[in-house]
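Notes follow the structure.
The values are calculated or read from the model by the stated rules, or taken from the named source; none is laboratory data. Just so it is clear, the model here is predicted, and its values are computed rather than measured. Every residue, glycine as well, gets a Cβ built from its backbone with ideal geometry; the counts of neighbours run over all protein chains shown.
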Amino acid sequence: MLEVCNLSLSVPINGEFAQAVHAVSFRLEPGKVFALVGESGCGKSLTAQALLRLGEHQGVRRDSGDILLNGDSIFSFGNNDLRAMRGGRVAMVFQEPMTALNPVFTIGSQLIDVIRTHLPLNKRQARERAIGLLADVELEAPAQLLNQYPGELSGGMRQRVLIAMALSANADYLIADEPTTALDVSVQKNILALLRRLQHQRNLALLLVTHNFGVVAEMADSVAVMYAGEIVEQSDVHTLFDHAAHPYTRALMACRPELTEKKGRLPMIEGQVPAPGAWPQGCHFADRCRHVAADCRAAPLSLSTDHHAVRCLHPHLPKSPT
Amino acid sequence: MTTPVLEAQGLQKRFGASKGWFGRGGNPGKAAVQRVSLSVNAGETLAIVGESGSGKSTTARMVMRLIEPDAGTVHWQGDIVSGLNNRALRPLRNRVQMVFQDPFASLNPRMTIENSIAEGLRVHQPKLTRTERRQRVAEMLGRCGLDAAMMARYPHQFSGGQRQRIGIARALIVQPAALVLDEPVSALDVSVQAQILNLLQELQLTQQLAYLFISHDLSVVRHVADRVLVMLQGEVVEQGTVEAIFTNPQHPYTRRLLAAKPISHPAEREEIVAE
């Protein structure tokens with residue numbers, strides 16, 4: 001199990017550290033899809049990158065909390081442990097399939113390279129494995145594909161190659177950060193279907209980072225909504241879509257144009273997300289919330305510990321409680 | 001019959017064509033857009049949908065006269081603009097303005113917002129005094145939901161949504177009759193997207209603007225458009241009212257696009273197909 005416990009992270013802004021992620025906890029379990037959803041700057045990618053201890057080179061600092069891989073703190077890992085973890089047990093698929101592959105090496109050399117880093121195979125065996133992986137991500141003529149360069153592939157094909165690469169050492173945990181955002185609509189649906197099938201077949205624990213509720217609806221078993229560095233609501237996916245309780249979650253879901261009549265005025269959230277370092281003392285959403293009350297700004301709020309967890313003093317209660 | 005604000009007939013564009021020696025061995029190039037015709041009336045929104053490489057942005061740029069079509073004509077408010085040279089075009093330029101996907105890339109980072117927005121005024125209304133210009137900029141910022149006090153700032157000091165408001169203010173300051181909007185909300189978060197779509201709607205209502213709206217996001221298109229053109233490989237494969245396109249699509253490609261539309265509730269999920 002991969003467990004994030006009370007994690008807080010700071011980033012350097014103008015020479016000073018500002019907290020960007022505060023007290024985030026969740027766990028990834030085999031065979032389950034967990035989605036982190038939120039708008040830009042809410043800390044979701046930073047959190048996801050911390051699971052691989054990426055971001056430390058950019059100066060991201062862990063203030064408190066821990067990340068446990070089968071009970072061991074990944075912050076206690078030395079370089080060898082880290083290298084074995086990254087791509088070995090925990091793998092990542094990034095948003096931009098254009099830049100994540102090196103344009104001057106063939107697909108085959110990049111894929112075989114990754115395979116041989118993690119598995120004790122000779123070149124021939126690694127090549128066999130590479131062909132199998134490319135077939136598994138539903139790419140045609142995988143043997144020929146090995147000799148092609150990334151520039152010869154479409155965006156969707158490249159994303160498939162990256163998924164194959166991520167799975168090349170049989171990772172148990174897959175982190176996908178906006179895996180379909182840069183792709184055409186019709187390709188998006190296919191990539192999501194592929195991820196679901198692989199996750200199902202391989203019993204993967206999948207962490208999906210996204211800003212898109214459509215992707216959440218399509219993929220997730222459980223969901224955490226982040227706002228200004230904090231998880232504000234967390235539950236199983238059906239509860240979230242049917243009984244969202246946090247005013248931010250509700251407002252965000254209501255913004256989607258498909259829910260408003262044609263040319264009707266869309267519900268908006270006034271103002272902007274506060275930047276790290278400028279968070280209000282109490283509820284982070286208080287300044288933009290329509291249901292704000294005096295006590296909301298008084299003191300930091302904690303996330304309730306129910307199955308349906310909410311960080312709000314005045315949540316929206318369902319009419320017919322389940 | 002009223003004259004359309006934007007009208008294009010038989011637009012054609014090939015990229016990478018060359019003549020070759022003595023008419024032999026020439027490269028015909030690759031057709032980016034073929035036989036595209038469209039018209040947009042005042043107060044109306046025409047959306048062009050299609051995937052990358054479908055030619056939707058090339059079409060928009062020809063209508064905008066940023067690139068010259070190989071064949072076909074473009075009219076703005078009844079006046080022909082295809083074939084005009086830059087000098088002849090300049091006095092007409094204020095009629096049609098463009099809003100880009102990434103407003104940051106289209107704003108000069110070394111110019112204050114005031115100067116960026118006022119640029120068009122200097123060209124189209126050179127007789128305005130400095131004070132008058134500043135006043136117009138302040139008014140326009142207000143109309144686009146920005147504080148006039150922000151005009152001394154530089155682009156990097158604004159959020160994505162604010163920059164898009166600046167992009168819109170900059171387009172509207174010369175009082176155009178039409179806006180060509182190329183993926184204007186694609187780079188924005190959902191909550192900011194709602195703010196910008198509402199703003200565009202308000203502006204259209206109050207000023208009877210014609211919008212040519214390029215987008216790959218079908219939920220957005222369904223919300224804003226009156227009519228839709230569906231493009232595939234440089235050609236229009238289907239066109240109609242937004243209701244007709246969304247409820248009764250005829251072309252297989254349109255159907256495929258609609259089927260790929262993201263679901264809005266987990267209950268709509270399909271079963272996993274195991275292979």
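Considering every residue within segment A:185-197, establish whether at least one is in contact with a strand residue (DSSP E or B) (Cβ under 6 Å, 6 or more places away or on another chain), within 20 Å of B:SER186 (Cβ to Cβ) and outside any loop (DSSP other than H, G, I, E, B). First the steps, then the outcome.
Taking segment A:185-197 as the starting set, the residues that turn out to be in contact with a strand residue (DSSP E or B) (Cβ under 6 Å, 6 or more places away or on another chain) are none.
Within segment A:185-197, not a single residue is in contact with a strand residue (DSSP E or B) (Cβ under 6 Å, 6 or more places away or on another chain), within 20 Å of B:SER186 (Cβ to Cβ) and outside any loop (DSSP other than H, G, I, E, B).
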Practice task
Working only within segment B:182-210, note down all residues that are closer than 16 Å to B:ASN41 by Cβ and within 12 Å of chain A (Cβ to nearest Cβ).
Solution key: B:GLN204, B:LEU205
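Would you say B:VAL40 is crowded, with 17+ Cβ neighbours inside 10 Å, closer than 22 Å to B:ILE173 by Cα, of a type in the set (A, V, I, L, M) and touching a Phe, Trp or Tyr at 6+ places or on another chain (Cβ under 6 Å)?
On the way: crowded, with 17+ Cβ neighbours inside 10 Å: yes; closer than 22 Å to B:ILE173 by Cα: yes; of a type in the set (A, V, I, L, M): yes; touching a Phe, Trp or Tyr at 6+ places or on another chain (Cβ under 6 Å): no.
So B:VAL40 fails the test.
From the list A:VAL215, A:VAL225, A:VAL237, exactly one residue is buried (at least 22 other Cβ atoms within 10 Å of the Cβ), modelled with pLDDT of 95 or more and facing chain B (nearest Cβ under 8 Å). Which is it? Walk me through how you get there before you give the answer.
On the way: A:VAL215 fails: modelled with pLDDT of 95 or more; A:VAL225 fails: facing chain B (nearest Cβ under 8 Å).
The match here is A:VAL237.
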Fill in the blank from the handout: Looking across segment A:245-287 at residues that are assigned to a loop (DSSP other than H, G, I, E, B), among the hydrophobic types (A, V, I, L, M, F, W, C) and within 12 Å of chain B (Cβ to nearest Cβ), the single one that is nearest to A:VAL11 (Cα to Cα) is A:ALA275
Completion exercise
The one condition A:GLU56 fails out of (1) touching a residue at least 24 places away in the same chain (Cβ under 8 Å); (2) part of a loop (DSSP other than H, G, I, E, B) is (1)
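Here is a yes/no grid of residues against (1) among the hydrophobic types (A, V, I, L, M, F, W, C); (2) farther than 28 Å from B:PHE246 by Cα; (3) in contact (Cβ under 8 Å) with a residue 40 or more places away in the chain:
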| site | (1), (2), (3) |
| --- | --- |
| B:GLN12 | no, no, yes |
| B:PRO28 | no, yes, no |
| B:ALA60 | yes, no, yes |
| B:GLU68 | no, yes, no |
Handout entry: Residue in segment B:140-152 that is within 14 Å of chain A (Cβ to nearest Cβ), surrounded by fewer than 20 Cβ atoms within 10 Å (Cβ to Cβ) and part of a helix (DSSP H, G or I) present
Key = yes
Practice task
Using the structure shown, decide if B:SER215 is touching an Asp or Glu at 6+ places or on another chain (Cβ under 7 Å) and facing chain A (nearest Cβ under 7 Å).
Solution key: no
Practice task
Find all pairs meeting these conditions: Cβ atoms under 8 angstrom apart; at least six residues apart or on different chains; first residue within segment B:156-181 and more than 14 Å from chain A (Cβ to nearest Cβ) and on the phi > 0 side of the Ramachandran plot; second residue of a type outside the set (Gly, Ala, Ser) and surrounded by fewer than 24 Cβ atoms within 10 Å (Cβ to Cβ).
Solution key: B:GLN175/B:ASN94
Exercise for the section: Please determine, by comparing only the residues of segment A:191-211 that are at the interface with another protein chain (Cβ under 8 Å from one of its Cβ atoms) and more than 11 Å from the chain's Cα centre (by Cα), which one is surrounded by the most Cβ atoms within 10 Å (Cβ to Cβ). Expected result: A:ARG196
